[in-house]
Amino acid sequence: MEESIELARFNMIQQQIRPWGVLDDRALEAMTEIPREPFVPDAYLGLAYSDIEIPIGSAASMLAPRIVGHLLQALAVKPGDKVLEIGTGSGYVSACLSWLGARVFSLEIDATLAAEARERLAALKFERIEIREADGLAGPVADGPFEAIAVTGSMPTDASLDMLKDQLAIGGRLFCVIGEDPLMHAILITRLSKRDFRRQPLFETSVPALRNVTEPAGFAF
């Protein structure tokens with residue numbers, strides 16, 4: 001069983017993540033070293049390393065591995081960085097960020113998911129991760145500014161971007177997905193100075209929306 005899991009993890013890296021343009025050694029090492037199966041519900045253990053979004057309850061799901069790989073590559077987290085994560089989910093991305101040396105402040109709006117992730121990460125002995133039951137789009141977090149912000153669900157519009165961007169340190173990076181089905185865009189925003197930001201499109205994708213996002217205005221007739 002252990003050999004099959006190791007092979008599945010190897011194939012995830014070599015057949016899903018690398019071919020999709022994730023070549024950063026540290027991002028790949030994090031996903032090689034951290035097992036996904038402790039973060040996956042028992043009913044989906046056989047799919048832990050598949051290129052799919054895995055349901056984790058409360059109408060939430062884990063991001064597909066290739067999306068996680070791109071997130072980690074784009075944010076380029078360094079040891080000692082303070083990272084804000086919007087949407088803890090299972091805690092897998094939190095674990096990857098911590099492995100890279102970040103101090104992670106992770107906000108999860110769902111009380112059950114927050115409690116489960118907190119317990120899971122503690123059992124796996126991950127440190128430097130603080131999980132809070134909170135709406136990450138409700139307003140700024142007192143612990144900022146942050147060297148990186150990871151938004152693990154999509155937002156249909158740019159409505160919350162200014163609030164998130166204002167929490168970046170100079171040189172800080174923000175990864176998020178903007179848009180609605182069937183077409184969304186992953187973007188990387190870098191804070192160049194107090195008022196200047198660079199916005200870089202990364203790839204097209206589709207991921208579930210965060211809860212409590214600002215919905216786009218409908219057409220008026």
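Values as computed for the structure displayed
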{"item": "Ratio Rg/Rh [Cα only; Rh per Kirkwood] for the range 2-98", "result": "0.94"}
{"item": "Rounded Å value of the spacing that divides the Cα centres of the range 166-197 and the range 87-159", "result": "17 Å"}
{"item": "Charge dipole (the chain, unit charges on Cβ, about Cα centre) - positive-most of G179, A59, L202", "result": "L202"}
{"item": "Distant alpha-carbon pairs in the chain (separation over 27 angstrom), percent", "result": "27 percent"}
{"item": "Partners for K165 among lysines (Cα-Cα distance below 27 Å; same-chain residues under 8 apart left out)", "result": "K78, K82, K194"}
{"item": "Exposure of V207 as accessible area (Å², to 10), given a probe of 1.4 Å and all protein chains", "result": "10 Å²"}
{"item": "Folded to 0 to 90 degrees: helix 65-75 orientation relative to the chain principal axis, Cα", "result": "50 degrees"}
{"item": "P(r) of the range 56-182 over all Cα-Cα pairs, binned every 5 Å from zero, in whole percent", "result": "2, 11, 23, 26, 23, 12, 3, 1"}
{"item": "Accessible area expressed per residue, the chain, with surrounding protein chains retained (probe 1.4 Å, Å²)", "result": "48 Å²"}
{"item": "Spherically averaged projected area of the range 91-146 from its Cα convex hull (nm²)", "result": "3.7 nm²"}
{"item": "Cα-derived Rg over Rh, computed across the range 1-46 with Rh taken as Kirkwood radius", "result": "0.99"}
{"item": "For the range 130-196, alpha-carbon Rg and Dmax in angstrom", "result": "12.1, 35"}
{"item": "C-alpha long axis of helix 2-11 to longest principal axis of the chain, angle in °", "result": "40 degrees"}
{"item": "Value of [θ]222 nm, deg cm²/dmol, for the chain, DSSP H segments ≥ 4, -39500 (n - 2.57) each, nearest 500", "result": "-7500 deg cm²/dmol"}
{"item": "Solvent-accessible area, 1.4 Å probe, carbon plus sulfur percent, for the chain", "result": "53 percent"}
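The values are calculated or read from the model by the stated rules, or taken from the named source; none is laboratory data. Model, not experiment: these values are computed from the prediction. Every residue, glycine among them, receives a Cβ derived from its backbone with ideal geometry; neighbour counts consider all protein chains shown. SASA here: full protein model, heavy atoms, side chains in, ligands and nucleic acids out. Shrake-Rupley method; radii C 1.70, N 1.55, O 1.52, S 1.80 Å.
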